[in-house]
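J.: The structure is given below, and queries will be raised subsequently.
The values are calculated or read from the model by the stated rules, or taken from the named source; none is laboratory data. These numbers come from a predicted model, not from an experiment. Virtual Cβ from ideal backbone geometry, glycine too; neighbours counted across all protein chains shown.
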Amino acid sequence: MQLNGGQKLRALRETLGYRMRDVELASNQIAHRFESEEFAIPPSRLSDIETKGITPSIFRLYSFAAIYRREYRELLSFYGLELDSISADIGFGHPQKSHLSEALSNVKDVRVPTRLDPGFSLQKTTDLRRIIEQWGTVPMAHLSLFADDRYTYGYVGSDDFTMYPILPPSSFVQVDEDKNKVGEGIWRSEFERPIYFVEMRDGFTCCWCSMKRDSIVLQPHPLSPVSVRILRYPQEAEILGQVVGVAMRLGDLQHYSDFQLMPKVRSALTSDALGQLGKRA
């Protein structure tokens, strides 16, 4: 028989030989330590949780985890909350400001491809769903063997159009912290010029950078509506690293309802503008 959350908690209590009075006394001590009655579990409330399907508060769930000596995330799973699946829901939120992302730092297990089509070739563009023959769950602790401490991860806010259109809002970026100095040179295209993840006093942004004496110039993309910013370095702006990877969605401008394309952006994205560029060439 499939047990609900309260029934699973009752099974844990009975397995440990606790009476309701024992749970109450232990929870009272936890409440006393935190100086909050939110952690206390009186017998009447315990009975409602176990038999009437009442969902315990986050504070009482903490008390259960401590008293029953179980992981908090395991008790959350009793009520259908799997923290390891939070990555599937991250995309539903669109923060307005760019920031460092810590959402997945506590994920313990992740589903990854465990068997690929032997005919898969990195040289050819392909549909990944067709080459993945089997998925499996791998503990994040195992994946840490492949981790590189040089990298951190950032999120480009839904209101941050600094590097639009080559780096759209709501993109996730991988940042190499070892590359935190502005590189000088001549680049053959805008895609070769390094993009840096910069921390300012009022937040973060991704942009091109150049140094001018004791100041740093934060250069947006030419088609971006964002203005050039010149800040004192390093008092007002610090380079956290160079963007070396990006995960982004395309064609999602409908999410940015408050953003109006500037005329130069609009024309650059039309076929007429492309035709004009061809004539100039």
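J.: Those residues that are part of a loop (DSSP other than H, G, I, E, B), under 18 Å from Pro168 (Cα atoms) and not aliphatic (A, V, I, L, M), I need them from the stretch 201-239; list them, please. Break it down stepwise before answering.
T.: Pass one, the stretch 201-239, residues part of a loop (DSSP other than H, G, I, E, B): 201-202, 213-214, 220-228, 233-236.
Subsequent filtering for residues that are under 18 Å from Pro168 (Cα atoms) retains 220-228.
Within the stretch 201-239, Pro220, His221, Pro222, Ser224, Pro225, Ser227 qualify.
J.: Have a look at His99, His94 and point out the one that is in contact with a strand residue (DSSP E or B) (Cβ under 8 Å, 6 or more places away or on another chain) and at pLDDT 75 or above.
T.: Values: His94 fails: in contact with a strand residue (DSSP E or B) (Cβ under 8 Å, 6 or more places away or on another chain).
Only one candidate passes the filter, namely His99.
J.: Within the stretch 15-32, restricting attention to residues that are over 14 Å from Ala66 (Cβ atoms) and out of contact with any helix residue (DSSP H, G or I) (no Cβ under 7 Å at 6 or more places or on another chain), which residue is surrounded by the most Cβ atoms within 10 Å (Cβ to Cβ)?
T.: Filtering first and then ranking leaves Arg19.
J.: If you go through the stretch 171-189 one residue at a time, how many are without any contact (Cβ under 8 Å) to a residue 60 or more places away in the chain and closer than 19 Å to Ser158 by Cβ?
T.: The first filter runs over the stretch 171-189 and keeps only residues without any contact (Cβ under 8 Å) to a residue 60 or more places away in the chain, leaving 181-189.
Now restrict to residues that are closer than 19 Å to Ser158 by Cβ: none.
Residues meeting the conditions: 0.
J.: OK, next. Restricting to the stretch 1-57, what's the tally of residues that are within 19 Å of Glu74 (Cβ to Cβ), in a helix (DSSP H, G or I) and either of a type in the set (A, V, I, L, M, F, W, C) or in contact with a His (Cβ under 8 Å, 6 or more places away or on another chain) (or both)?
T.: Count: 10.
J.: Just checking, which of Glu184, Glu192 is among the acidic types (Asp, Glu), loosely packed, with under 15 Cβ neighbours inside 10 Å and either at pLDDT 90 or above or over 24 Å from Tyr151 (Cβ atoms) (or both)? Spell out how you get there, then give the answer.
T.: Details: Glu184 fails: either at pLDDT 90 or above or over 24 Å from Tyr151 (Cβ atoms) (or both).
Result: Glu192 is the single residue among Glu184, Glu192 that is among the acidic types (Asp, Glu), loosely packed, with under 15 Cβ neighbours inside 10 Å and either at pLDDT 90 or above or over 24 Å from Tyr151 (Cβ atoms) (or both).
J.: Here is a follow-up. Which one of Leu3, Leu76 is surrounded by 12 or more Cβ atoms within 10 Å (Cβ to Cβ) and either β-branched (Val, Ile, Thr) or out of contact with any Asp or Glu (no Cβ under 7 Å at 6 or more places or on another chain) (or both)?
T.: Exactly one of Leu3, Leu76 is surrounded by 12 or more Cβ atoms within 10 Å (Cβ to Cβ) and either β-branched (Val, Ile, Thr) or out of contact with any Asp or Glu (no Cβ under 7 Å at 6 or more places or on another chain) (or both), namely Leu76.
J.: How many of the residues in the stretch 152-170 are in contact (Cβ under 8 Å) with a residue 60 or more places away in the chain, surrounded by fewer than 21 Cβ atoms within 10 Å (Cβ to Cβ) and outside any loop (DSSP other than H, G, I, E, B)?
T.: Total meeting the criteria: 1.
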